[in-house]
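Following: one structure in structure tokens, then a few remarks.
The values are calculated or read from the model by the stated rules, or taken from the named source; none is laboratory data. Just so it is clear, the structure is predicted and the values come from calculations on it, not from any experiment. Because the Cβ atoms are built from the backbone with ideal geometry, glycine has one as well, and the counts that use them run over all protein chains shown. Calculation scope for accessible area: heavy atoms of the full protein, side chains included, ligands and nucleic acids excluded. Shrake-Rupley method; radii C 1.70, N 1.55, O 1.52, S 1.80 Å.
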Amino acid sequence: MKSFTDIFIQRPVFSWVLSSLLLLFGLMSYNRLPLQQFPEISTTTISVTTSYPGASAELMEGFVTAPLESAVAGVNGIDTITSSNTKGLSQITIKFKLGTDINIAASEVADKTNSVRSRLPKEVFDPVIEKQNPNASPTMYLSFASNQLAGEDVSD
């Protein structure tokens with residue numbers, strides 16, 4: 001019975017050609033790899049802020065945050081929903097799964113919040129929906145230093 005390696009031992013030219021092809025495809029693929037110094041991060045986060053002047057945090061949670069959260073929970077692609085209530089202010093933060101289009105998600109969130117607007121107290125201001133850009137703030141700071149290289153060489 002022949003083993004897999006016997007083919008390469010009996011046909012050395014075939015081995016050289018196969019190795020050369022693998023090396024050629026590897027070099028071509030390596031040159032086409034994308035590399036960015038500042039990659040774009042595309043997580044989708046939307047916040048819904050609602051104010052109700054003079055209302056306590058408990059009142060905000062029961063009459064403002066709960067209806068808005070239940071309405072927004074039906075939007076497709078949600079990863080997590082967090083909310084916080086303070087005196088006169090409700091903040092709902094919605095994080096979507098990677099690859100979700102932020103414009104479509106914001107439109108759906110706006111539709112859902114408008115659908116429950118009639119169930120909110122009349123004194124409540126209209127909810128403010130904001131798309132948060134993760135590229136507006138840095139994800140991580142890295143610092144490099146060298147006693148032997150110039151600043152440009154360290155950056156390279």
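Some points to look at:
- Excluding exposed DSSP-loop chymotrypsin sites (Phe, Trp or Tyr not before Pro) (at most 15 other C-beta within 10 Å), longest clean stretch of the chain: 1-124
- Accessible surface of the chain [probe 1.4 Å, protein heavy atoms]: carbon and sulfur percent: 58
- Relative contact order (%) - criterion: Cα under 8 Å, at least six apart; region: segment 45-106: 45
- One Cα centroid belongs to segment 60-139, the other to segment 1-25; the line between them spans 60 Å.
- For segment 1-106, fraction of C-alpha pairs farther apart than 17 Å, in %: 70
- Heavy-atom accessible surface of the chain, averaged per residue, reaches 75 Å², computed with a 1.4 Å probe.
- GNM result for the chain, Cα springs below 10 Å: residue of Gly26, Gly88, Gly99 fluctuating most strongly: Gly26
- Using alpha-carbon coordinates, inclination of helix 102-115 to the longest axis of the chain, degrees: 20
- Highest-fluctuation residue, Pro121, Pro12, Pro34 considered, GNM on the chain with Cα pairs under 10 Å: Pro12
- Highest-MSF residue in the chain out of Ser118, Ser47, Ser15 [GNM, Cα springs under 10 Å]: Ser15
- Taking every C-alpha pair closer than 8 Å and separated by at least 6 residues, the mean separation divided by the residue count of segment 23-140 gives a relative contact order of 38 percent.
- Helix 12-31 and the longest principal axis of the Cα set of the chain meet at an angle near 30°.
- Model label zone, Phe125; criterion: amide N under 15 Å from point 7 Å along Cα-to-beta-carbon; scope segment 76-93: 86-92
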